[in-house]
Ligand SMILES: Nc1ncnc2c1ncn2[C@@H]1O[C@H](COP(=O)(O)OP(=O)(O)OP(=O)(O)O)[C@@H](O)[C@H]1O
Ligand SMILES: Nc1ncnc2c1ncn2[C@@H]1O[C@H](COP(=O)(O)OP(=O)(O)OP(=O)(O)O)[C@@H](O)[C@H]1O
Ligand SMILES: [Mg+2]
Ligand SMILES: [Mg+2]
């Protein structure tokens, strides 16, 4: 029993990390139907920038805030310099642009920062909580809360505010969005800033657990993308559930079956889910009539 | 209200509007007729800032808006119900309508919403359903209602009767006429030229990217060339 | 001009190997040129970044041989890249000194291929020797699934029997995993385990170490020589206390006896490297240091900077060379030339390495 | 004069001429290797041109099929005693069959969901290659038998041939073959259906096309292309690691396809050429290499919307008219 | 036995009935028009007949065979073809290629024949091209043959849609608002075209809001309202039916209908 609980804790910790990345994907996707493959780099930038600002003597909270701000600015620049000039390009083109951006940002990070692995201290120490024989680090609770907070914020934004609707409208039909008076350029900038900030927040929260280096973005983007698709792209709730689910599958497979094939188990579950539910668990079917 | 001078535009290398001059006065209903591919839709796209202008100017209420972004034009009261409906298929009917009033956050939005529902009761029935599920004609109603939510000073309509049942065509024409009473200027592109000309003050005839004729609507209705080429009588 | 080539994993997953290696080589070339070059000729280093990708490495190897026409090559940060390049240097008859770990590189011996780091097999032997001395006979293993971890796991399985050690739990984790508590929970719950070994490099071992403490496992934890850099202690934090690992003298230079022949060599390298880069040394940079110094020495012995056959012959007959890894004595059937004595068993105490013998 | 020739033949002519004259510009024999790698990548990319460019179905897992092809050539000769060339065929057959079996459920998915499903498929293949170390040598890879091209030719002509030179011509012929087939397809009944599926599946169905089947056909063909490319890489390098099946390699292949111009075979080859040769050229930038690579990718996609080749072609014809 | 038979057909969307208990028949060479207010269920009916939606109730028969819920491509093989209210053009293909895809059933061959471009493949290609060109001429679009569909105007695309559907050699053709977006003169061309097709023995099921067109060429008109049959009869009967006038035609439509009937 205690071992099962331990697997669950492990799964939730890792899953919350995936969920945070997936939530970042959701924002840009909802504004532009583009999967931003540089999302992982936002997470990396959040973590790495915090490390370096912290090492320069700024208190951890200040460092984190600065790092998030910096990453959001980079998000805006990415939109302004690479996405906006490509207006009207197909979704595949935009994806390639984001892949280029991720290579670019990674290259830049290895020059501006370095190629070492880093971490900074956990927010509330490293003494684990002991719950029914299983242990959980305080930082894991931070990550879980972070994921929950980001989810609630996004959910409210997309369902309760007109601005949130305008974001969805921009992705659904850019032309129509412009015709009803939405400043689509602003919406895009906003969503890139928001998405980058969410990514950076994830980086800040998870670095004490996962450690960080200039190239962690690739794997995080991959897992986050998978999580977002499992949950149903575009739905914040799906991103949350998808992330946690993949974390749990990996942890229990590693615990009960084989650690060699825990990633495989996650992908098999994703494939089987999609075969039955082609829109993911909570994805919305796009409405197009003929 | 709206004046267009020497407007030219191109898709890639092919020029499709070769210097359009056109004037819409405040409170008028003006209609534009022309065959398939004449460039009517393209002209409206230019007016709304969706299609860049290569030469010429567009003035709206005295301001040069030739290069103004679309959202700024909507803010100034130049609103379009586009061809092909262009609704937000994944959003609900009500969300579509509320986005039509994106510029406004006041109480009048709710009032306008009720008016839109009164105009097209079917939309009230389907207010919470995704707009993509609507029938073709219902989507057309939504597109028009959404444009009205934007409180236009000048409304641009691209084939508003497309796909509408005859009884609704009557209603749309009535609505357009009633807009005139509210001091809304209307510029309407219509294939149903007879109907459009019968409610319009003036009309333009367009052919292969050029204005061929401009005259009071009644004169056009009586013109033999127009009757033969567009009214089919 | 002496053209020396190198292709390393300067970026990518193995960049913490390739990065210090590349920096070390660049530093040594500057140094040797300032001192008049090799046999009076200036040295030019042609350096490529293969990112740890074997296909790229092979392309760069071809480029070094056919386009740049270098006289010798140092490189291959990982076993995969090294093995992909071996046939090229064998065919082109260019001396090649690898900086990767696996024993497969030099066993069986290949005429033109040498290597400087201790083999993973030796690391296993060193760890098991220490275990045997402490009466440990049943162990658990948790290995990274990257090339390094996978290869060392195989070697450890292979030699465990020689030390009467039984591996009763065998878990793995992926190169970018961030939580190993499920695997460690399984190890913890296996009956009779007396110690745990963790072959792997990168952030994995640091996380394993932290999870190990989080779960409150109080058995000895052995890491491999793959974590032999100061940053491991920083990353693992307090959890690193008491962790043991086999490593080269470089890490404990200060603690070496004054009469240790390695002491002046490693002290100088540490100082030079830190001045040149502002970063602390790792044993990985040391591998490159050994390779370059050995190559330069071979060229001097052979008295040529162009005749690859003579250089190869001189390399193969290197003896008594003192490097950061230990004292090297090569022979036609040993292209590594290190023995177990070159490894020191270290334990982390108070956030620093200490030698235990 | 060139315009009188049908576009299909013209493309093949241009390609043959380029392959023939390129070696005259090679400063050293090393460039034969780059040429060969370009050709091998081109073969995989042509497959993706059919899948992505023609049929509009994305795949982020095609490196998995390359992996199957590569390991077929690594394993079959030792374990089954098959000659390397037959192993290549065996790999292609296995890849084709796998694509056929998994293709039906996978291709019911659309857009990003299809992307993630194919990604998962590729990941599964790459995990098997990584984990089953007793067969595959694990992440450190394994040696591959020689195809014996050089030996065979030397026996024939009694000359001393460099492997990469022989391979250059062999791979060049294979690219021509692959391009010929893909170009044949473009304006054929099958190709037209694939291209129509790109724009509207429903309309394609209502004119009587069994869309599910045609998508599957494109998937299988592209898997075979990828597999053959993988086999060739293994036989050429004579050493193989699971990196060939990695997610990053899949992404690289898709990037080549789109960068060059997804809808056109020559475009795909141009993309493969750019992304294969670029890292070699960028080595002069040392640590700025990756920054430059990312930058170039973004710039090409921003300023050459339709991809490298189609954009160039448009500019050229505009010049010609002006 | 009728060519197309519809019996008790019905479908619901999320609890709301879109079409219910519909019965009717279409004979070869006959033009049957479906009219009704927006949202009456006309397009939905087409979608069920052509296999895009699976009906919840009822059957569709072709020549007496039950073809309910058959895949669209199977129905196409049995001679049923259609156009779309929401255009479904192959945007990145030329007008000619759009129509050539329509010829798919007559030109398809094993994949390997196309891959190797055997002479038979080239020959079929040529034949198809000629046929497609003839069809384009029939809808007066030969000038646009080599233009990409994405650069054509709405009216042109509507006509390509018709040409593509004709390319399937249908025995029954479903046209969903073919004249939408065309002016009176263009509508007359379409009207002539439809009559001509019917003359050749093709049955036509037509949805259209242009009463001039409907009343002039239909043999038979069915009026729907809220998914159910409101009235059925000859154009003259329907145009006088007070229920139809009230729910659908209105004064304007009534006048148009009367005009068309002369
Ligand atoms: N995206 C485009 N690219 C290239 N050419 C285009 C594009 N859109 C329209 N055209 C061309 O521009 C011309 C004008 O088209 P437009 O859509 O404005 O015509 P229209 O008068 O609205 O016709 P319709 O009545 O059929 O809607 C046509 O010849 C058309 O082929
Ligand atoms: N996929 C769907 N999801 C939800 N509702 C649908 C769907 N398809 C059709 N409907 C509903 O069914 C009803 C009938 O729609 P249909 O498109 O058949 O109308 P129609 O008669 O073709 O109208 P129009 O003349 O406006 O084209 C409408 O109320 C529509 O909202
Ligand atoms: Mg138009
Ligand atoms: Mg309809």
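The values are calculated or read from the model by the stated rules, or taken from the named source; none is laboratory data. Everything numeric in this text was worked out from a predicted model, so none of it was measured. All Cβ positions, glycine included, derive from the backbone under ideal geometry; neighbour counts span all protein chains shown.
Summary of computed values
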item: Among (1) away from chain B (no Cβ under 14 Å); (2) surrounded by 23 or more Cβ atoms within 10 Å (Cβ to Cβ); (3) under 30 Å from residue E:251 (Cβ atoms) - the single one residue E:219 does not satisfy; result: (2)
item: Residues of region B:15-38 classified as within 14 Å of another protein chain (Cβ to nearest Cβ) and within 16 Å of ligand 3 (Cβ to nearest atom), total; result: 10
item: Residues satisfying the stated conditions in region C:178-201, i.e. in contact with a helix residue (DSSP H, G or I) (Cβ under 7 Å, 6 or more places away or on another chain) and part of a loop (DSSP other than H, G, I, E, B); result: C:178, C:179, C:180, C:189, C:193, C:199, C:200, C:201
item: Every residue from region B:149-161 that is in a loop (DSSP other than H, G, I, E, B) and either more than 16 Å from ligand 3 (Cβ to nearest atom) or surrounded by fewer than 24 Cβ atoms within 10 Å (Cβ to Cβ) (or both); result: B:150, B:151, B:152, B:153
item: Sole exception among (1) closer than 14 Å to residue D:266 by Cβ; (2) touching a helix residue (DSSP H, G or I) at 6+ places or on another chain (Cβ under 8 Å) for residue D:17, by number; result: (2)
item: Those helices (runs of 4 or more DSSP H) lying entirely in region E:112-205 with at least 1 residues surrounded by 15 or more Cβ atoms within 10 Å (Cβ to Cβ) and within 14 Å of chain B (Cβ to nearest Cβ); result: E:154-167, E:184-199
item: Meets criteria (over 30 Å from residue D:183 (Cα atoms), within 12 Å of another protein chain (Cβ to nearest Cβ) and in a loop (DSSP other than H, G, I, E, B)) for residue E:47; result: no
item: Set E:209, E:220: member being over 23 Å from residue B:170 (Cα atoms) and either within 16 Å of ligand 3 (Cβ to nearest atom) or at pLDDT below 95 (or both); result: E:220
item: Residue satisfying all of: in region B:119-142; in contact with a helix residue (DSSP H, G or I) (Cβ under 7 Å, 6 or more places away or on another chain) and free of Cβ contacts under 8 Å to residues at least 12 places away in the same chain; nearest to ligand 3 (Cβ to nearest atom) among these; result: B:135
item: Filtered residue count, region B:20-31, keeping only those that are under 23 Å from residue B:67 (Cα atoms) and touching a helix residue (DSSP H, G or I) at 6+ places or on another chain (Cβ under 9 Å); result: 2
item: Some residue of region B:64-72 being farther than 26 Å from residue B:97 by Cβ, away from ligand 1 (no atom under 14 Å from the Cβ) and touching a residue at least 12 places away in the same chain (Cβ under 8 Å); result: yes
item: Helices (runs of 4 or more DSSP H) contained entirely in region E:59-111, each with at least 3 residues that are more than 7 Å from chain D (Cβ to nearest Cβ); result: E:95-102
item: Residue satisfying condition, being at the interface with another protein chain (Cβ under 9 Å from one of its Cβ atoms) and part of a helix (DSSP H, G or I), within set A:96, A:141, A:74, A:53; result: A:96
item: Any chance residue E:30 is more than 16 Å from ligand 4 (Cβ to nearest atom) and under 18 Å from residue E:220 (Cβ atoms); result: yes
item: Whichever residue in region C:66-79 is surrounded by fewer than 24 Cβ atoms within 10 Å (Cβ to Cβ) and out of contact with any strand residue (DSSP E or B) (no Cβ under 8 Å at 6 or more places or on another chain) and, among such residues, is farthest from residue C:152 (Cα to Cα); result: C:67
item: Selection status of residue D:238, within 14 Å of chain E (Cβ to nearest Cβ), surrounded by fewer than 24 Cβ atoms within 10 Å (Cβ to Cβ) and either more than 28 Å from residue A:263 (Cα to Cα) or without any contact (Cβ under 8 Å) to a residue 40 or more places away in the chain (or both); result: no
item: Hey, residue E:55 within 16 Å of ligand 2 (Cβ to nearest atom), closer than 19 Å to residue E:7 by Cα and part of a loop (DSSP other than H, G, I, E, B) or not; result: yes
item: Candidates B:222, B:214, filtered to the one that is away from ligand 4 (no atom under 16 Å from the Cβ) and free of Cβ contacts under 8 Å to residues at least 24 places away in the same chain; result: B:222
item: Hey, residue B:147 away from ligand 4 (no atom under 16 Å from the Cβ) and at the interface with chain A (Cβ under 10 Å from one of its Cβ atoms) or not; result: yes
item: Scan of region C:151-177 for residues that are in contact (Cβ under 8 Å) with a residue 40 or more places away in the chain and part of a helix (DSSP H, G or I), ordered by number; result: C:151, C:152, C:153, C:155, C:156
item: One residue from C:279, C:241, C:258 being modelled with pLDDT under 90, within 14 Å of another protein chain (Cβ to nearest Cβ) and surrounded by fewer than 24 Cβ atoms within 10 Å (Cβ to Cβ); result: C:279
item: Failed item in (1) surrounded by 24 or more Cβ atoms within 10 Å (Cβ to Cβ); (2) within 22 Å of the chain's Cα centre (by Cα); (3) in a helix (DSSP H, G or I), with residue D:147 passing the rest; result: (3)
item: Qualifying residue in region B:99-108 (condition: at pLDDT below 95 and more than 13 Å from chain A (Cβ to nearest Cβ)); result: yes
item: Boolean, residue C:329 is surrounded by 14 or more Cβ atoms within 10 Å (Cβ to Cβ) and touching a residue at least 40 places away in the same chain (Cβ under 8 Å); result: no
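Here's the yes/no breakdown for (1) under 26 Å from residue D:126 (Cβ atoms); (2) buried (at least 24 other Cβ atoms within 10 Å of the Cβ):
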{"residue": "A:206", "(1), (2)": "yes, yes"}
{"residue": "A:231", "(1), (2)": "yes, yes"}
{"residue": "A:234", "(1), (2)": "no, yes"}
{"residue": "A:249", "(1), (2)": "yes, no"}
{"residue": "A:252", "(1), (2)": "yes, no"}
{"residue": "A:258", "(1), (2)": "yes, no"}
{"residue": "A:263", "(1), (2)": "yes, yes"}
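A quick yes/no check of all residues on (1) buried (at least 20 other Cβ atoms within 10 Å of the Cβ); (2) more than 16 Å from ligand 1 (Cβ to nearest atom):
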position: B:6; (1), (2): no, yes
position: B:15; (1), (2): no, no
position: B:27; (1), (2): no, yes
position: B:34; (1), (2): yes, no
position: B:38; (1), (2): yes, no
position: B:89; (1), (2): yes, yes
position: B:93; (1), (2): yes, yes
position: B:96; (1), (2): yes, yes
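Residues checked against (1) touching a helix residue (DSSP H, G or I) at 6+ places or on another chain (Cβ under 6 Å); (2) within 8 Å of another protein chain (Cβ to nearest Cβ); (3) within 16 Å of ligand 2 (Cβ to nearest atom):
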{"site": "B:40", "(1), (2), (3)": "no, no, no"}
{"site": "B:46", "(1), (2), (3)": "no, no, no"}
{"site": "B:49", "(1), (2), (3)": "yes, yes, no"}
{"site": "B:53", "(1), (2), (3)": "yes, no, no"}
{"site": "B:71", "(1), (2), (3)": "no, yes, no"}
